[in-house]
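Since the structure comes first, as structure tokens, the remarks are kept for the end.
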Amino acid sequence: MAEPNEASRRKILVKLGRDEFLDCFQCLKCTSGCTALKLLELKPHEIMKLVRLGFVNELAASEIIWTCATCLKCVQRCPQKGSPYHVIMALRNLAVEREAKVPEAYLKAVSQILENGLSQTIQKITTRKMETFDRTSLKLPKISAPKESFQAVFFKALEEKQE
Ligand code: SF4
Ligand code: SF4
């Protein structure tokens with residue numbers, strides 16, 4: 001059975017740089033505009049409530065935190081300057097620290113960033129006539145791979161996060 005955990009709740013507060021969750025009054029403005037809600041039933045106001053109550057371990061182990069599309073709409077819509085987005089990112093950080101299963105797409109994004117500096121693969125476009133074009137045929141400049149110095153900084157940042 002799920003149980004509130006004060007130590008984990010504190011961890012999220014530390015990650016957010018706050019002393020307490022005083023800001024959310026459950027108005028649902030974040031949820032009513034959430035991009036992921038339309039697609040994946042993520043309810044930001046419920047996440048805020050559960051974290052505030054201390055059900056952090058359950059959320060950090062749940063796949064739902066990985067469905068946030070990081071669109072930041074909830075940050076803009078909240079009348080209280082609360083941020084479900086930042087709470088969800090703090091939960092993701094906690095999940096990674098605990099070596100929870102990270103969705104394959106995120107791991108792929110990291111290797112893509114190292115390979116070409118982009119979080120997605122370079123894609124072809126298809127026109128209304130169903131013709132496909134790549135960057136070269138559109139005379140777009142070639143995307144150069146990131147420099148070694150970028151990769152060194154990236155790895156250093158990852159290592160620091162794990163400390
Ligand atoms: S986080 Fe903000 S927008 Fe969302 S329910 Fe709480 S007060 Fe409302
Ligand atoms: S940042 Fe995440 S939680 Fe906030 S509105 Fe966008 S998808 Fe929803």
Pairs where the first residue, in the stretch 80-102, is over 17 Å from Asn57 (Cα atoms) and the second is assigned to a loop (DSSP other than H, G, I, E, B), C-beta under 6 Å, 6+ apart: Gln80/Asp23; Gly82/Asp23; Gly82/Cys24; Tyr85/Leu72
Scan of the stretch 29-52 for residues that are of a type in the set (A, V, I, L, M) and in a helix (DSSP H, G or I), ordered by number: Ala36, Leu37, Leu39, Leu40, Ile47, Met48, Leu50, Val51
Single residue of Ile88, Ile125 found to be of a type in the set (Val, Ile, Thr) and outside the structural domain of Lys29 (by TED's automatic domain parsing): Ile125
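Step by step: first the residues of the stretch 80-104, then only those that are surrounded by 21 or more Cβ atoms within 10 Å (Cβ to Cβ) and not hydroxyl-bearing (Ser, Thr, Tyr), then the one that is farthest from ligand 2 (Cβ to nearest atom). Which residue is that?
The residue in question is Ala90.
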Qualifying residue in the stretch 106-122 (condition: within 20 Å of the chain's Cα centre (by Cα) and of a type in the set (Asp, Glu)): no
Test: residue in the stretch 119-128 that is at pLDDT 85 or above, more than 30 Å from Asn93 (Cα to Cα) and loosely packed, with under 10 Cβ neighbours inside 10 Å: yes
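The values are calculated or read from the model by the stated rules, or taken from the named source; none is laboratory data. Bear in mind that the values here come from a model prediction, so they are computed numbers and not experimental data. Because the Cβ atoms are built from the backbone with ideal geometry, glycine has one as well, and the counts that use them run over all protein chains shown.
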